[in-house]
1. Can you tell me, using C-alpha contacts under 8 Å and at least 6 residues apart, the relative contact order of the chain as a whole percent?
2. Could you work out the mean projected area of the convex hull around the alpha carbons of segment 155-200, in square nanometres to one decimal?
3. Where does the charge balance sit around H39 when Lys and Arg score +1, Asp and Glu -1, over other residues with C-beta under 12 Å from its C-beta?
4. At a temperature of 10 °C and a viscosity of 1.306 mPa s, determine how fast segment 116-233 diffuses translationally according to Stokes-Einstein, using the Kirkwood radius over alpha-carbon pairs as Rh; express D in µm²/s, rounded to the nearest whole number.
5. Name the residues whose placed amide hydrogens come within less than 5 Å of the amide hydrogen of I5, ignoring near sequence neighbours (fewer than 5 apart) on the same chain.
6. Can you compute the helix-only [θ] at 222 nm over the chain? Use -39500 (n - 2.57) per DSSP H run of at least 4 residues, normalise by all residues, nearest 500 deg cm²/dmol.
7. If neighbour count is taken as other Cβ atoms inside 10 Å, put M215, M232, M78 in order from fewest to most.
8. Take every Cα-Cα distance within the chain, group them into 5 Å bins from 0 onward, and report for each bin the whole-number percent of pairs it holds.
Amino acid sequence: MRVKIVIPNSSIKFRDSQVEERRKAASPGNEVEVVCLSHGPVSIESAYDEALAAPYIIEEVKKAEKEGYDAVSLDCAMDTVVRACREAVTIPVTSAGEASYLLALGLCRKFSVVTVLKSTADEIRENINKYGFGSRVASVRFANIPVLDLKDEEKAFKAILAEAKIAIENDGTEGIVLGCTGMSSLAKKLQQKLGVPVVDPAVASLRLAEIYVSMGLKTSTIAYEAPSEKEML
């Protein structure tokens, strides 16, 4: 099985910091390639960033299908242009936010998301309501740390931990979803400290892609009808 992980930003440094974690997360025997975009913003933190990155994300997803990959995992908890990607190809396309919510629903009655910034929290909240998961979400909180600053793991851990504790103590949550794939390396440590399930969105998306392929499942063409080709002027 071959899965392409598309990190929807153009930061090679960010990609390089994530490659080893993603390859370790893959099931034994599966091939994983991790790529970032050739053009676009260095991080995705707003709807504006998503719009700038969109054409290059779709390009990478279409390229993956042509190269013979069995599935694509979009490595962003904001689920950037996931619907458009599913319309563009026939192979399964998973996304970190949606995949992690689906996992969390089976682990607790109420979960909270802890993301990086207010702008990403707003977008994630909209996505959750769009997916119909709103009644199962206790809160969406943010640590006020830009994506590329997550490289300072000690600072990031303290900020995320503080928000997660508030979610447990004040919001009534029973589990935590990390709202940025750049937080991936902190998931296990946070779970040990908090004593509740902490879902790593990057791993959730990759493993869901593997499940779809292993079960022979493909995206519904009724839900995601292929668009007609149009002349671009």
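1. Working: 459 pairs, mean separation 54.2, N = 233.
That works out to 23 percent.
2. Details: hull surface 11.1 nm².
Over all viewing directions, segment 155-200 projects a mean Cα-hull area of 2.8 nm².
3. Values: positive: none; negative: E59, E60.
With Lys, Arg at +1 and Asp, Glu at -1, the net is -2.
4. Values: Rh = 16.3 Å.
Value of D from the Cα-based Kirkwood radius: 97 µm²/s.
5. E33, V34, V35, S73
6. Working: 8 runs with 105 residues, N = 233.
After summing the helix terms and dividing by the residues of the chain, the value is -14500 deg cm²/dmol.
7. Values: M215 9, M232 4, M78 28.
The fewest-first ordering by Cβ neighbours comes to M232, M215, M78.
8. Going from the shortest bin to the longest, the percentages are 1, 7, 15, 20, 21, 17, 11, 6, 2, 1, 0, 0.
None of the figures in this text is laboratory data; all of them are computed from the coordinates on show. Predicted, not measured: the structure shown is a model, and the values here were computed from it. Using ideal geometry, Cβ is built from the backbone for each residue, glycine included, and neighbour counts are taken over all protein chains shown.
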